[in-house]
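Have a look at the structure below, then the notes.
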Amino acid sequence: MGGGAPVGGGDDGLDARVLVVMGVSGSGKSTVAATVADRLGWEFAEGDAMHPRANVDKMRAGTPLTDEDRWPWLDVVADWIRDHLDSGRPGVVTCSALKRSYRDVLRAPGVVFVHVAGDGALIAARMSARSGHFMPTSLLDSQLATLEAPDSDEAHITVGADRTPDDEADEIVERLGLVAR
C-alpha cells in the first residue's frame, strides 16, 4: 500500500523527525513502531501507556472513547512529540490518531504519520489472538468507523498490515529515506 506526501530524511536520516505510527487497535502498530525504532536507534514510546486510567478502564469495559476522552491523552502524546522535536532527538511513538482533528494536535514540522492499514477481518483475527491488552475486539468496528485515513496534504505514508513486522519496518525505513544503524 503506497501513498502519502513526499518526505525524506536528512543526509544521515536523523533530522529532528518523529514518526507517529498510527492505525486502529490490532493493526500491529506497536510491534512495527518498536521494530523501526530499534533499527534506527531512535527512542520508542507506546502511546497507549499515556492514556489516563479512566480511558483504559472505559475501553476495557468495551465502551468506545469520545473525543472529550481523547483530547487530554492527545495532549500528552503531543507533549512527547514536541519535547523530542525541540531537543533534536528523533523518536517513534504509537497513537491511533484515527481522525484528522486528532492528527492536527500532533502535527508539527518534522512529524511524519505512518498509517499501518489493514483489512478488518485480519485485524479482528489478530485482536482475538492477543492476550493482555485492554482493547477488546468488540471495539474494532467503532475504531474502523471513526478512522479517517490521512489525506494527501498530510506528511504520511501508508503501509499494509498484511506482512511481517520486519517487512513493514523495512518498507518504512526505505520509503522515508532513513538510515538503519
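Net length available on complete extension from Glu46 to Asp69 is 6.5 nm, with 0.36 nm assigned per residue and the Cα-Cα distance removed.
Is the shape of region 32-84 rounded, prolate or oblate, going by the alpha carbon gyration tensor and its root eigenvalues a ≥ b ≥ c, with a/c under 1.5 for rounded and a/b larger than b/c for prolate? Cα axes put region 32-84 in the oblate bin.
Each reported figure results from applying straightforward, stated rules to the coordinates on display, with no laboratory input. These figures come from a predicted structure and were not determined experimentally.
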